[in-house]
Amino acid sequence: MKNILITGVSSGLGEALAIQYLENGDSVYAIGKTLPKKLDHYPHFFFFPYDLSETFMIQSTLKEFLQHRSFDMVILNAGLLGEITTLSKTDLMDAKAVMEVNVWANKELIDTLHAHAAHVNQIVGISSGAAVNGSKGWGAYALSKAALNMLLSVYAKELPEIHFTALAPGVIRTPMVEHIIEEVDDTLFPSAKRLKENPIQTPGEAAKNLIATFPKLLAYESGSFLDVRTM
């Protein structure tokens, strides 16, 4: 039985990852805004309700939940998309809100784990092809994921006892992707059109694929950015 820590389990990929690990017989420690009903009956599911945008309280609030525990895998999955619009029309406070969850919350979580957890073997940050593509309209999100990639690269040098990877999981039918498909004008933002035309995984399919992929990441240099579609 493995101990797994997952953020952002309220829906989408995080929820699917938690279910898959629990079905495999592992213990899941989860952080999210709300507890998904699908998860509350598992005996080895431990949930801490927390809004990760409140970065200033992460270390003091989550210390007790994480301390003295060993984690085989930590999946930094929680994230915000922000509005799909040009950077010139992106309000700076909105961009900062995306960075707060996608970057600084993960820094605070890693620092809390390093200070208080007994042991952490592997940390994977859920990144995106947007981190390197620079597509029109994805400014705040792309900047945040590029920063996440570098955050994990730096920690790989500073905490060599933990293996870090920034991993793009491919396109998954999450509330975030459904919003893009249904609401974003793909004539103004061609990347939305490409997203609609490419294969889209269900969260369950993606979770199974990622769980099979995570052990393979250890063969790559710690701090790498990888994309499941090109591995």
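The table below gives the values:
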| item | result |
| --- | --- |
| In segment 64-81, the residues that are in a loop (DSSP other than H, G, I, E, B), open to solvent by 30 Å² or more (accessible area, probe 1.4 Å) and either closer than 22 Å to residue 119 by Cα or charged (D, E, K, R) (or both) | 67, 68, 69, 72 |
| Conditions (1) surrounded by 14 or more Cβ atoms within 10 Å (Cβ to Cβ); (2) more than 16 Å from the chain's Cα centre (by Cα); (3) not in a loop (DSSP other than H, G, I, E, B); number of the one not met by residue 93 | (1) |
| Breaking point among (1) part of a helix (DSSP H, G or I); (2) over 19 Å from the mean Cα position of the chain (by Cα), for residue 150 | (2) |
| Filter result (buried (at least 22 other Cβ atoms within 10 Å of the Cβ) and touching a strand residue (DSSP E or B) at 6+ places or on another chain (Cβ under 6 Å)) within segment 118-129 | 120, 123, 124, 125, 127, 128 |
| Strands (runs of 3 or more DSSP E) contained entirely in segment 1-63, each with at least 3 residues that are over 22 Å from residue 169 (Cβ atoms) | 45-49 |
| Qualifying residue in segment 160-168 (condition: of a type in the set (Ser, Thr, Tyr), in contact (Cβ under 8 Å) with a residue 24 or more places away in the chain and under 19 Å from residue 132 (Cβ atoms)) | yes |
| Which numbered condition residue 207 misses (of (1) open to solvent by 80 Å² or more (accessible area, probe 1.4 Å); (2) in a helix (DSSP H, G or I)) | (1) |
| Condition check for residue 115: surrounded by 15 or more Cβ atoms within 10 Å (Cβ to Cβ) and either among the hydrophobic types (A, V, I, L, M, F, W, C) or part of a helix (DSSP H, G or I) (or both) | no |
| Within segment 96-107, considering residues that are in contact (Cβ under 8 Å) with a residue 12 or more places away in the chain and open to solvent by 60 Å² or more (accessible area, probe 1.4 Å), the one nearest to residue 125 (Cα to Cα) | 107 |
| Among (1) open to solvent by 80 Å² or more (accessible area, probe 1.4 Å); (2) of a type in the set (Ser, Thr, Tyr); (3) in contact (Cβ under 8 Å) with a residue 24 or more places away in the chain, the one test that residue 213 misses | (1) |
| Residues (open to solvent by less than 20 Å² (accessible area, probe 1.4 Å), part of a helix (DSSP H, G or I) and not β-branched (Val, Ile, Thr)) located in segment 156-177 | 156 |
| Answer residue from segment 178-204, given it is of a type in the set (A, V, I, L, M) and within 12 Å of residue 136 (Cβ to Cβ) and is most open to solvent (accessible area, probe 1.4 Å) among those | 188 |
| Residue selected from segment 22-44 under the condition at pLDDT 95 or above and under 28 Å from residue 98 (Cα atoms), by the criterion most open to solvent (accessible area, probe 1.4 Å) | 29 |
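The values are calculated or read from the model by the stated rules, or taken from the named source; none is laboratory data. Keep in mind it's a predicted model, so treat the numbers as computed, not measured. Using ideal geometry, Cβ is built from the backbone for each residue, glycine included, and neighbour counts are taken over all protein chains shown. We work out accessible area using only protein heavy atoms, side chains counted, and drop any ligands, DNA or RNA first. Shrake-Rupley method; radii C 1.70, N 1.55, O 1.52, S 1.80 Å.
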